[in-house]
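Engineer: First, the structure itself, so that you have it in front of you.
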Amino acid sequence: MSMKVGGASANDKHPDGGGGPERSGGSSPFPRPHPEEESYDIRIARDGTWFHNGDPIRRIELAKLFSTVLKRDDSGDYWLITPVERGRIVVEDSPFVAVEMTVSGSGADQILSFRTNLDHWVQAGPEHPIRVADHPETGEPSPYIEIKSRLEARILRPVFYDMVERGETRRTEAGETEVGVWSNKVFFALGRLLGD
């Protein structure tokens with residue numbers, strides 16, 4: 001028996017490839033009136049490292065500070081926005097990486113808590129959904145959890161494998177068997193079993 005990660009609804013492409021978190025109501029993260037736009041040479045690498053002018057930002061406190069003004073617009077572009085200026089930045093995959101998971105409870109009452117590389121803690125649930133997407137370049141499954149509005153953390157592979165080990169199976173309406181995990185009374189599909 002083999003497992004295909006993701007599912008019909010879970011295999012949307014990564015945000016840069018046209019899928020990802022829902023963008024509600026066409027709202028914009030930009031305050032009105034628009035602040036002055038600047039050009040920032042800032043990049044967040046796939047491993048979560050922040051770079052400025054090509055050099056890594058080594059002070060985690062500075063990266064944490066930048067992350068508090070990070071926004072994502074309707075088209076999927078990332079910006080640092082303050083009341084007086086804004087600047088577009090490059091995000092290679094997602095702005096955060098989920099590097100640790102803790103578990104409490106069991107069954108539908110189970111709670112999965114995730115820590116990011118910048119020490120944000122969130123509990124998976126209605127406000128912080130988990131999704132699994134096919135990476136647009138490699139085709140490999142990539143799991144994500146929403147940290148705050150439109151901003152996700154890519155879940156590291158060892159953390160994802162831990163989730164799969166804690167998963168349970170259930171039948172979908174289409175008659176397929178999917179594997180998923182509960183958190184805060186929400187069932188998150190991680191993949192489906194093939195050949196069962």
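The values are calculated or read from the model by the stated rules, or taken from the named source; none is laboratory data. In this text, all values refer to a predicted model and were calculated from it rather than measured experimentally. Don't worry about glycine lacking a Cβ; one is built from the backbone with ideal geometry, like all the others, and counts go over all protein chains shown. Note: accessible area is taken over every heavy atom of the protein model, side chains too, but ligands, DNA and RNA are not part of it. Shrake-Rupley method; radii C 1.70, N 1.55, O 1.52, S 1.80 Å.
Engineer: Of the numbered conditions (1) open to solvent by 40 Å² or more (accessible area, probe 1.4 Å); (2) in a strand (DSSP E or B), VAL181 satisfies every one except a single condition; which is it?
Structural biologist: That leaves (1) as the condition not met.
Engineer: Looking at (1) more than 14 Å from VAL97 (Cβ to Cβ); (2) among the aromatic types (Phe, Trp, Tyr); (3) modelled with pLDDT of 95 or more; (4) open to solvent by 40 Å² or more (accessible area, probe 1.4 Å), which is the only condition TYR161 fails?
Structural biologist: Single failed check for TYR161: (3).
Engineer: Can you pull out the residues in region 48-79 that are without any contact (Cβ under 8 Å) to a residue 60 or more places away in the chain, part of a loop (DSSP other than H, G, I, E, B) and not β-branched (Val, Ile, Thr)?
Structural biologist: Within region 48-79, ASN53, GLY54, ARG58, ARG59, ASP73, ASP74, SER75, ASP77 meet the criteria.
Engineer: Could I ask something else about it? Just checking, does region 113-130 include any residue being surrounded by fewer than 16 Cβ atoms within 10 Å (Cβ to Cβ), in contact (Cβ under 8 Å) with a residue 12 or more places away in the chain, part of a strand (DSSP E or B) and touching a helix residue (DSSP H, G or I) at 6+ places or on another chain (Cβ under 9 Å)?
Structural biologist: So far as region 113-130 goes, no, none of its residues is surrounded by fewer than 16 Cβ atoms within 10 Å (Cβ to Cβ), in contact (Cβ under 8 Å) with a residue 12 or more places away in the chain, part of a strand (DSSP E or B) and touching a helix residue (DSSP H, G or I) at 6+ places or on another chain (Cβ under 9 Å).
Engineer: So, one more: Only one residue in THR82, THR49 is among the β-branched types (Val, Ile, Thr) and at pLDDT below 95. Which one?
Structural biologist: THR82
Engineer: Something else about it: Which of (1) more than 17 Å from the chain's Cα centre (by Cα); (2) on the phi < 0 side of the Ramachandran plot; (3) surrounded by fewer than 21 Cβ atoms within 10 Å (Cβ to Cβ) does GLU140 not meet, given it meets every other one?
Structural biologist: Failed condition: (1).
Engineer: Does region 65-77 include one or more residues that are open to solvent by less than 60 Å² (accessible area, probe 1.4 Å) and under 30 Å from VAL179 (Cα atoms)?
Structural biologist: yes
Engineer: Filter region 40-64 for residues that are within 22 Å of ILE155 (Cβ to Cβ) and either of a type in the set (Ser, Thr, Tyr) or open to solvent by 60 Å² or more (accessible area, probe 1.4 Å) (or both) and give the result.
Structural biologist: Passing the criteria: ARG43, ARG46, ASP47, THR49, ILE60, LYS64.
Engineer: Condition test on PRO158, is it touching a residue at least 60 places away in the same chain (Cβ under 8 Å) and of a type outside the set (Asp, Glu)?
Structural biologist: no
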